[in-house]
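One structure is given here, and the rest of the page talks about it.
The values are calculated or read from the model by the stated rules, or taken from the named source; none is laboratory data. Note that the structure is a prediction, hence the values are computed from the model and not measured. Quick reminder, even Gly has a Cβ in these numbers, built from the backbone with ideal geometry, and neighbours come from all protein chains shown. Accessible surface areas use protein heavy atoms only, side chains included; no ligands, DNA or RNA. Shrake-Rupley method; radii C 1.70, N 1.55, O 1.52, S 1.80 Å.
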Amino acid sequence: MKKEKILVVDDEEDILELVRYNLAREGYAVACAASGEEALKAAESEAVDLIVLDLMLPGIDGLEVARRLRQNPATKETPIVMLTAKGEEADVVAGLELGADDYVTKPFSPRILIARMRAVIRRRSGIGESDGEVLQVRELSIHPGRRHVTANGKSLDLTYTEFQVLYFLARRPGWVFTRTQIVDAVRGDDYPVTDRSVDVQIVGLRRKLGPLGCYIETVRGVGYRFIET
């Protein structure tokens with residue numbers, strides 16, 4: 001069975017070794033990078049199954065690395081878990097908005113990090129296995145297996161999280177979900193919830209949906225719902 005390969009990016013040598021050791025012990029193949037430039041080269045030269053990415057890097061910082069990875073067709077689908085000492089909400093939201101899949105703050109437990117990574121890989125590989133049929137909602141066509149959305153026949157470029165939120169809401173039109181329920185459904189029960197992180201995803205979704213953005217309705221004081229036909 002092929003080992004899943006993880007790219008770990010951090011400029012602190014002790015952190016790199018700690019993560020590398022624990023991942024290798026769990027059976028992962030591990031590559032390491034100590035700067036943003038090294039990370040981009042490593043990700044582009046060989047396919048990896050997930051990237052553990054620090055935000056505070058010399059040269060190109062982690063947010064810019066994430067932005068470039070998402071813009072590159074070869075790496076745009078690669079899962080990213082941010083590993084950072086910057087736990088402020090603004091930094092977390094910025095990373096999520098760029099398409100990061102999860103984040104872990106320093107100091108951290110290697111066991112927690114690995115559990116988060118496994119959850120991300122499982123969600124990425126699992127979507128579409130049991131829900132492979134195309135979901136057609138008025139002018140929207142949502143393909144869970146291919147993670148592809150068209151609006152009035154036009155293909156939309158959604159981040160992983162934007163797609164998950166849209167698919168979750170569109171499958172249950174008329175149902176009202178709290179922000180906590182949305183995050184639990186998309187990222188798992190142990191994901192740290194902030195109202196702002198959910199709102200950012202909804203704003204991005206509405207913008208990309210254009211006139212169809214009105215299908216996602218804000219329920220004041222509660223959360224969001226996809227309007228019924």
- Which number in (1) open to solvent by less than 70 Å² (accessible area, probe 1.4 Å); (2) modelled with pLDDT under 90; (3) closer than 27 Å to Asp91 by Cβ marks the one condition that Phe168 misses? (2)
- Within region 66-75, is there a residue that is over 16 Å from the mean Cα position of the chain (by Cα) and among the basic types (Lys, Arg)? no
- For region 4-14, which residues satisfy the criterion of being among the hydrophobic types (A, V, I, L, M, F, W, C) and either at pLDDT below 95 or out of contact with any Asp or Glu (no Cβ under 8 Å at 6 or more places or on another chain) (or both)? Leu7, Val8
- Query: How do the pairs read when you match residues in region 179-192 that are farther than 12 Å from Tyr103 by Cβ and modelled with pLDDT of 75 or more with residues anywhere that are assigned to a helix (DSSP H, G or I) and of a type in the set (Gly, Ala, Ser), using Cβ under 9 Å and keeping only pairs 6 or more apart or on different chains?
  - Reply: Arg179/Ser197; Val183/Ser197
- How many residues of region 6-41 are open to solvent by 40 Å² or more (accessible area, probe 1.4 Å), farther than 17 Å from Met82 by Cβ and touching a residue at least 40 places away in the same chain (Cβ under 8 Å)? The answer is 1
- Looking at (1) surrounded by 15 or more Cβ atoms within 10 Å (Cβ to Cβ); (2) modelled with pLDDT of 90 or more, can you tell me which one Asn72 breaks? (1)
- Message: Condition (residue is closer than 17 Å to Phe108 by Cβ, open to solvent by less than 20 Å² (accessible area, probe 1.4 Å) and in a helix (DSSP H, G or I)) applied to region 42-64: is it met by at least one residue?
- Response: yes
- Please indicate, with yes or no, whether at least one residue in region 15-38 is in contact with an Asp or Glu (Cβ under 8 Å, 6 or more places away or on another chain), among the charged types (D, E, K, R) and outside any loop (DSSP other than H, G, I, E, B). no
- Task: Write out, first by first residue and then by second, each pair whose Cβ atoms fall under 6 Å of each other, whose residues are 6+ apart or on separate chains, and whose first residue, in region 47-66, is closer than 10 Å to Ile80 by Cα while the second is open to solvent by 50 Å² or more (accessible area, probe 1.4 Å).
- Result: Asp49/Glu4
